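A single structure is presented below for examination.
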Amino acid sequence: MYRFYNPNPKGNLVGDCSIRAISIALNQSWEKTYSDICALGFDLYDMPSSNSVWGTYLQDNGFVRQIVPNSCPECYSIREFCHDHKTGLYILCTGSHVVTAIDGDYYDTWDSGDEVPVYCWHKP
């Protein structure tokens, strides 16, 4: 089920989906998440929005990356993923968006349930 979530201090709704998703997944503020990922981006000489930067941050925090099964690659939505994963913590990645799912609910600034996840990060 969709749950509205926007920790952005200015209430911005675009451009920071990876920061929002990671902040709820790690139960930390938007500011801490943003500054940590920016610092890591500086260390890696890459932009903080780069998948490799925030992916490294997730890996450093105990997450494991998994490919979402593609038995029906265009029809398996975030909503369906959450229905199939009623327990656990996942960060779902589409081609252009990032959203966190916790115990079957997905948290975002908009109802992204129809988007198709390509891979996810899972906290074992």
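Could you pull out the residue among 107, 45 that is within 24 Å of residue 4 (Cα to Cα), of a type outside the set (Lys, Arg) and at pLDDT 95 or above?
The conditions single out 107.
Quick check on this structure: which one of 95, 113 is of a type in the set (Gly, Ala, Ser), modelled with pLDDT of 95 or more and under 14 Å from the mean Cα position of the chain (by Cα)?
Answer to the check: 113.
Out of 39, 101, which single residue is of a type in the set (Gly, Ala, Ser), outside any loop (DSSP other than H, G, I, E, B) and closer than 24 Å to residue 3 by Cβ?
Going through 39, 101 in turn, the sole match is 101.
In the list 49, 29, which residue meets the criterion of being in contact with a Ser or Thr (Cβ under 7 Å, 6 or more places away or on another chain), touching a residue at least 24 places away in the same chain (Cβ under 8 Å) and among the small types (Gly, Ala, Ser)?
49
So, one more: Restricting the search to segment 104-118, which residues are farther than 22 Å from residue 52 by Cβ, of a type outside the set (A, V, I, L, M, F, W, C) and assigned to a loop (DSSP other than H, G, I, E, B)?
Result: 104, 109, 111, 112, 113, 114.
Further, regarding this structure: Any idea how many residues of segment 76-121 are farther than 15 Å from residue 19 by Cα, touching a strand residue (DSSP E or B) at 6+ places or on another chain (Cβ under 7 Å) and β-branched (Val, Ile, Thr)?
3
Test residue 90 against the criterion of being free of Cβ contacts under 8 Å to residues at least 40 places away in the same chain, buried (at least 19 other Cβ atoms within 10 Å of the Cβ), touching a Cys at 6+ places or on another chain (Cβ under 6 Å) and not in a helix (DSSP H, G or I), and give yes or no.
yes
Can residue 76 be described as assigned to a loop (DSSP other than H, G, I, E, B), at negative phi and surrounded by 14 or more Cβ atoms within 10 Å (Cβ to Cβ)?
It is true that residue 76 is assigned to a loop (DSSP other than H, G, I, E, B), at negative phi and surrounded by 14 or more Cβ atoms within 10 Å (Cβ to Cβ).
Taking segment 1-14 on its own, how many of its residues are in contact (Cβ under 8 Å) with a residue 12 or more places away in the chain, assigned to a loop (DSSP other than H, G, I, E, B) and not hydrophobic (A, V, I, L, M, F, W, C)?
Going through segment 1-14 one residue at a time, the tally reaches 5.
Could I ask something else about it? Quick check on my filter: what residues within segment 48-63 are surrounded by 17 or more Cβ atoms within 10 Å (Cβ to Cβ) and part of a helix (DSSP H, G or I)?
Matches in segment 48-63: 53, 54, 55, 56, 57, 58.
Among the listed residues 98, 53, which satisfies the condition of being β-branched (Val, Ile, Thr) and within 13 Å of residue 120 (Cβ to Cβ)?
Result of the check over 98, 53: 98.
Kindly list the number of the only condition in (1) out of contact with any Asp or Glu (no Cβ under 8 Å at 6 or more places or on another chain); (2) closer than 16 Å to residue 24 by Cα that fails for residue 70.
Residue 70 satisfies every listed condition except (2).
The values are calculated or read from the model by the stated rules, or taken from the named source; none is laboratory data. Keep in mind that this is a model prediction, so the values were computed, not measured. Cβ coordinates were reconstructed from backbone atoms using ideal geometry, including for glycine residues, and neighbour counts include every protein chain displayed.
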